Amino acid sequence: MEGSLDNGANGAVLRVRDVRKSYRRRQVLRGVTLDLVPGQLVGIVGENGAGKSTLLRILVGDLTLDSGDVECRGVLGYCPQETVLHDAFTVEQHLRFFQVAYGLDSLHRAFELLEILRCADYRQARLGTLSGGTRQKLNLTLALMHDPQVLLLDEPYQGFDWETYLRFWELAATLRDQGCSILVVSHLAYDSARLDCLYRLDAGTLTAAERVTAAKGKDAP
Amino acid sequence: MKRWWSCYVTATRFALIEQARNRLALIILLFFIPVWTLLAYRLTASTPVPFFVRPAGQSLMVPANTLSQITGALQAIALIVGFMMFVATARSASFDRRLVQAGYPWLFLALAKVTSLVVIAAAVAGYTTAWMQLYWRPQQLVLLAASMFLGALIYGGIGIMLAAVLRTELAGMFLLIMISFIDVGVQNPIATPVAANPVLRGLPAYGAMQSAATSVELHLVPWSYLALGLCWAVATAAIGITAFMLRTRSRRTNTSIDLAGATAADDAVGGAVLAARRSSDH
C-alpha cells in the first residue's frame, strides 16, 4: 500500500506529493504524500531504517528524490539527526556563524533559546568539551534561532534529560501556537498525544497512526 | 555588498580560528621545522654537487647540505600545510554544508579557505626561511621565501583537493607523504642522480624547487618557474574548491514563491522556499 496522506488543506506551507526514493535497488520511499499547514505539529514515527531521515533530507534539499514533488513556502528550519557542529568553535561562535548565514541583526532569540533549553552557561564552552545532550541543544538552537515558519526536526530530543525533554515539548507547543508548522521525526512515538497528527512510515509508505500519552519517567528520550 | 563583506570576514575569521585550534599541526610546525632544517644541513656534507638550474640554463655547483636543507624544508612545508588544509577541509565538510543550507554563500566559505591557506603558507614559509638563513645566506632571500611560499600553497591546495575525495585523516596524510616523497625526493640530486631529467618538469614542486635553487647563488628572478608553481597552486586549490562547491550544493531542482521575505540567500534553507520536482517517468 502506498502512503498518500493528503489532508486536503489549502494554504499548506509544506506540500509533499508522491515522493519516491531508492538507494540502488532498495526502495526507501514508495510514494509519500503529506501536507503541513501553519500552526500544526505533526509527528512521523517509524523503525530504524524506515526512511524517516531520508524523507527529511529530501525535504531540505539534502538529497535528490527519484520522483514526486516537494514544495515548501516559508522560512525553513532543520535540525538534523546527527549533531552537525564544529568541535573547534564555542557555542557562541556557532551562533555568530549562523547569525551571518541567516542574515539576523541580533542573537537575542538564540540566547533566549539557550536559556529555555538550559544551556546558556555553556556559551563560551568549546564543542569538544560538551556532553551529547548539550550538543543536541545547540543543534536544535541553530535550527530555531531564525524563527522559521516550517520546522523539520529529526530525533530532536536525543540525549535530553527529562526536564529538557519537557521543555522541548513546551517550546514546540509555543511555536505551534505562534503559527509555526512543525514536523517531528522519531523512531518511537513518545508523548504522541502532544502532536496534532501522527503518521507511521513503514516500508516506505506513510499511514495515520494512533496517538498515545507517555507516563512521566517511563518514556524518557 | 555589506552582507558579502560580512560573510567573507566572518568565514575567514572562523577559518583562521579553526586552524589555530589544530594544536598538533602547530606543535609539529614549531618544533619539526627547526629540527629538520638543522639536521638536514648538519648531517650532510658541504661538498659541492652539480645541480641543473633550469632558469639559468646551466648546471651549478651547490653545497650538498644547502640542497639537502632546501629539499627537506620543502618536504616539511608540504606535509605540514597539506595536513592543515586537509584536516580543516575534511572536518568542516558537514558543518559547511549546513551553513550553506542555512543561507551562507558557499563562495565566501571557499574564499575563506583560500585566504586561510595564503595566510598559513606565508607564515610557514617565513618561519622556515628564517631558520634556513641562520645556516647559510642565499643571494636572494626573498626569492627563497617565495619558493617556500609556493611549495606551501601547492601542497595546501593538494590538501584541500584530497579532502574532497578521501574520508579519513590517515588516508589523507598517507597520500600527502607519498606525493611529496616522490615529488621533492626525486628532485634532490644527492638522493637521485636523475634530478636534472626534464621529465621532472611535470612535478608539482618543480617550479618551487628551481626557484629556491636559483636563490642560492644567482641574482636572476625565475618568473616563469614562479608562475609554474603558482599555476600548480591555483589548479589544485581550484579542484578542491570545485569539489567543495559540489558537496555543499543544494539538491533542489526548482524554487517557487517566497512568502517569507527572507534575508538570507535565495538558495538556502533560511531562504524560505524550496521546491523539488522530478518527472515521474522513472
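Worth a mention:
- Rounded to the nearest 10 degrees, the inclination of helix B:141-165 to the longest alpha-carbon principal axis of chain B is 40 degrees.
- A simple charge model with +1 on the Cβ of Lys and Arg, -1 on the Cβ of Asp and Glu and nothing else charged puts the dipole of segment B:47-197 at about 220 debye relative to its Cα centre.
- log10 of Debye I(q)/I(0), alpha-carbon scatterers only, for the protein assembly as shown at 0.05, 0.08, 0.14 Å⁻¹: -0.26, -0.59, -1.22
- Nearest-20 debye value, chain B charge dipole, Cβ charges on Lys, Arg, Asp, Glu: 560
- Taking every DSSP beta bridge that has both ends in the protein assembly as shown, the antiparallel portion is near 65%.
- Antiparallel bridges, percent of DSSP beta bridges restricted to chain A (to nearest 5): 50
- Per-residue [θ]222 nm for chain A (sum of -39500 (n - 2.57) over DSSP H runs n ≥ 4, rounded to 500): -8000 deg cm²/dmol
- Computed about the Cα centre, the dipole magnitude for the protein assembly as shown is approximately 940 debye when only Lys and Arg (+1) and Asp and Glu (-1) carry charge, each at its Cβ.
- Using alpha-carbon coordinates, inclination of helix B:169-185 to the longest axis of chain B, degrees: 30
- Net lengthening on full extension, A:T207/A:E82 (0.36 nm per residue, minus Cα-Cα): 42.4 nm
- What the Cβ-Cβ distance of B:R23 and B:L43 gives, at R0 = 45 Å and to the nearest 0.05, is a FRET efficiency of 0.95.
- Distant-in-sequence amide H partners of B:V62 (H built 1.01 Å from N, under 5 Å): B:V49, B:F51
- Degrees separating the helix B:2-20 axis from the principal Cα axis of chain B, which is the longest one: 50
- Placing unit charges on each Cβ (+1 for Lys and Arg, -1 for Asp and Glu) gives the protein assembly as shown a dipole about its Cα centre, and among B:A212, B:A56, B:G156 the Cα reaching farthest toward its positive end belongs to B:A56.
None of the figures in this text is laboratory data; all of them are computed from the coordinates on show. Just so it is clear, the structure is predicted and the values come from calculations on it, not from any experiment. We place every Cβ from the backbone using ideal geometry, glycine too, and count neighbours over all the protein chains shown.
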